[in-house]
Every structure is written in structure tokens, then in C-alpha cells.
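Participant: If you scroll down you'll find the structure; I have some questions about it.
The values are calculated or read from the model by the stated rules, or taken from the named source; none is laboratory data. All values reported here derive from a predicted model rather than from experimental measurement. A quick note on method: Cβ atoms are made from the backbone with ideal geometry, for glycine too, and the neighbour counts reach across all protein chains shown. What goes into the accessible areas is simple: the full protein's heavy atoms, side chains included, and nothing from ligands, DNA or RNA. Shrake-Rupley method; radii C 1.70, N 1.55, O 1.52, S 1.80 Å.
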Amino acid sequence: MPQIALHSSAQEAAQVVARHISDLIRTRSAMGKHLVLGLATGSTPLPLYAELVRLHREEGLSFKKVITFNLDEYEGLDGSQPQSYRYYMNEHLFNRIDIPLPQTHIPDGKSANLEQTCAAYEAAIQQAGGLDLQILGIGSTGHIGFNEPPSARDSRTRRVHLDAKTRQDNAIFFKQPGDVPHGAITMGVATILEAREIALLALGPNKAAIIKRALTEKPHALCPATWLQEHPACTFHLDAASSSLV
Ligand code: F6R
């Protein structure tokens with residue numbers, strides 16, 4: 001079962017997770033190794049990225065020995081489009097720290113050969129040595145990454161159709177609701193569960209109902225976040241509001 005870390009605010013959650021990432025980077029660097037970090041987008045990790053930028057600027061934390069893999073990308077968008085996850089990551093994190101951009105990976109939403117792109121993404125994660133720590137948010141459908149219901153335990157990086165509810169939730173990031181893409185590329189449930197450690201962030205009252213489902217329903221494809229119950233080193237970082245129903 002996931003461990004629960006209860007925080008007094010989103011800022012405190014961000015500080016705790018950022019400090020953990022910083023410790024992992026330093027431990028790995030001391031061994032001459034890279035840290036392989038899985039990253040998420042959306043509203044939830046923004047304070048975390050702001051805190052990592054602060055640690056870089058004020059405490060000299062270097063990301064030169066970090067390799068990143070993002071969970072997902074919208075189909076049809078490339079990094080020049082502000083709604084793409086590549087643009088988001090460059091803007092909020094990568095361009096503000098010292099990570100070499102070739103060490104950052106995000107699925108190519110404009111690939112002409114999606115099957116090959118997905119297989120290559122899985123291979124690149126393996127080649128990097130696997131994910132040391134995966135950061136996750138959670139969607140109101142129970143998705144992790146863009147693994148919408150139903151998503152099997154053994155699913156891998158693939159093209160998915162976004163749930164109508166997810167398109168509605170994410171419309172705030174687009175000019176018009178109709179602009180939200182219908183498809184995306186996402187790491188699969190199995191890809192995520194193979195990370196050596198997982199940190200899921202869910203903060204505020206809007207996450208309470210889905211956090212209850214994720215922690216109390218038996219693992220099943222119709223609520224993909226329930227698969228996290230099977231991970232041996234997964235922590236849910238919550239606050240009073242998001243944990244109010246568990
Ligand atoms: C983003 C992602 C999604 C989000 C989820 C929550 O890369 O994979 O699973 O983490 O949709 O989004 P927010 O944080 O905006 O509520």
C-alpha cells in the first residue's frame with residue numbers, strides 16, 4: 001500500500017519532494033551516476049518545479065547529472081506550442097536550471113510513426129537504467145500519466161484517447177475547450193510501476209474523491225491509480241483537504 005505523507009500546504013509538499021530529489025541527485029552524483037527522474041505536468045507540480053529552480057539558484061543544486069522522462073504529451077502538439085508539455089517543461093523547469101536539454105525526454109506528439117516512437121521511448125528509459133523516481137499527479141478519472149480508464153496493469157507507452165472529463169479538466173490551459181487534443185502519448189501503467197520509487201502529489205479539495213478511490217478500491221483498470229497499491233515504494237503526498245475522505 002502507498003505510504004501517506006501529510007503536509008500542511010502545497011508549498012510544504014513541494015519543499016519535501018524537492019529536498020528528496022536534491023538528496024537523490026547528490027547521492028547518485030557522489031557515486032558518479034546519473035539520477036533518472038520521471039516527471040509530470042499539470043497544475044500540481046508547479047510549486048515543486050519552482051522549488052527545484054530555487055534550490056538550483058540559491059543552493060547550487062546542479063542537474064547536469066540528471067536524465068528526465070516525462071509521462072506524456074498531447075498528440076499533434078510540438079514544443080513551439082504553449083499548450084504542449086515540452087513547452088511547459090522548458091518554461092517551468094529545464095530553461096531555468098543547468099540540465100542539458102538532450103538529457104530531457106518527452107514523447108513526440110507529432111511523430112509520424114507513433115508505434116515506433118512509443119517503443120523507442122520505452123527503450124530509452126531502459127537504456128538510461130530505468131526510472132529512479134517517478135513524480136505523478138492524479139486526474140479526476142483516476143488517470144496517472146494519461147492512462148485513462150480502462151488501463152491495464154501491463155500497459156506500456158502508447159497512444160491513448162483522452163477521456164471527455166480529462167479534456168474538460170484541462171480546457172483551462174487552452175483558448176477554447178474544443179482546442180484540447182483528443183489523443184496523447186503516455187507511459188503505460190507497467191512503465192510507471194517499474195520506477196524504483198514513486199511520489200504522487202495530490203493537493204486541495206478537488207482531489208479528495210479520487211484519492212479515496214485510489215486508496216480504497218481494489219486495484220482495477222477502471223481506476224488506473226489503484227494499480228499504485230501494488231508498488232513497494234510509493235508515497236502519496238497529500239494535505240488535509242485531499243486526504244479528508246480516507
Ligand atoms: C500530467 C499528467 C496527468 C496530471 C493529472 C493531474 O503530465 O500526467 O496525469 O498529473 O491530470 O493534473 P493537475 O495537476 O493539473 O490536476
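Participant: So which of Phe174, Phe94, Phe146 is within 15 Å of the ligand (Cβ to nearest atom), in contact (Cβ under 8 Å) with a residue 60 or more places away in the chain and within 17 Å of the chain's Cα centre (by Cα)? Quick ask: steps written out before the conclusion?
Facilitator: Details: Phe174 fails: within 17 Å of the chain's Cα centre (by Cα); Phe94 fails: in contact (Cβ under 8 Å) with a residue 60 or more places away in the chain.
Among Phe174, Phe94, Phe146, only Phe146 is within 15 Å of the ligand (Cβ to nearest atom), in contact (Cβ under 8 Å) with a residue 60 or more places away in the chain and within 17 Å of the chain's Cα centre (by Cα).
Participant: Which condition breaks for Asp132 when tested against (1) under 28 Å from Ala18 (Cβ atoms); (2) away from the ligand (no atom under 14 Å from the Cβ); (3) of a type outside the set (A, V, I, L, M, F, W, C); (4) surrounded by fewer than 19 Cβ atoms within 10 Å (Cβ to Cβ)?
Facilitator: (4)
Participant: Tell me, which strands (runs of 3 or more DSSP E) lie completely within the range 120-188 with 2 or more residues that are β-branched (Val, Ile, Thr)?
Facilitator: On the way: elements: 133-136, 158-161, 183-186.
Fully inside the range 120-188 and qualifying: 183-186.
Participant: Only one of (1) open to solvent by less than 10 Å² (accessible area, probe 1.4 Å); (2) farther than 30 Å from Lys65 by Cβ fails for Asp163. Which number is that?
Facilitator: Unmet for Asp163, out of (1) open to solvent by less than 10 Å² (accessible area, probe 1.4 Å); (2) farther than 30 Å from Lys65 by Cβ: (1).
Participant: Is there a residue in the range 195-211 that is under 14 Å from the mean Cα position of the chain (by Cα), surrounded by fewer than 24 Cβ atoms within 10 Å (Cβ to Cβ), among the charged types (D, E, K, R) and away from the ligand (no atom under 13 Å from the Cβ)?
Facilitator: Yes.
Participant: Separate question: Can you name every residue in the range 30-69 that is of a type in the set (S, T, N, Q) and over 20 Å from Gln127 (Cα atoms)? Break it down into steps so the answer makes sense when it comes.
Facilitator: So in the range 30-69, the residues of a type in the set (S, T, N, Q) come out as 41, 43-44, 62, 68.
Those that are of a type in the set (S, T, N, Q) and over 20 Å from Gln127 (Cα atoms): Thr41, Ser43, Thr44, Ser62.
Participant: Which one of these does Met89 not meet: (1) out of contact with any Phe, Trp or Tyr (no Cβ under 8 Å at 6 or more places or on another chain); (2) more than 11 Å from the ligand (Cβ to nearest atom); (3) closer than 22 Å to Ala171 by Cβ?
Facilitator: Unmet condition: (2).
Participant: Looking at Asn147, Asn95, Asn70, Asn113, can you tell me which residue is closer than 29 Å to Ala171 by Cα and in contact with a Phe, Trp or Tyr (Cβ under 7 Å, 6 or more places away or on another chain)?
Facilitator: Numbers: Asn147 fails: in contact with a Phe, Trp or Tyr (Cβ under 7 Å, 6 or more places away or on another chain); Asn95 fails: in contact with a Phe, Trp or Tyr (Cβ under 7 Å, 6 or more places away or on another chain); Asn113 fails: in contact with a Phe, Trp or Tyr (Cβ under 7 Å, 6 or more places away or on another chain).
Only one candidate passes the filter, namely Asn70.
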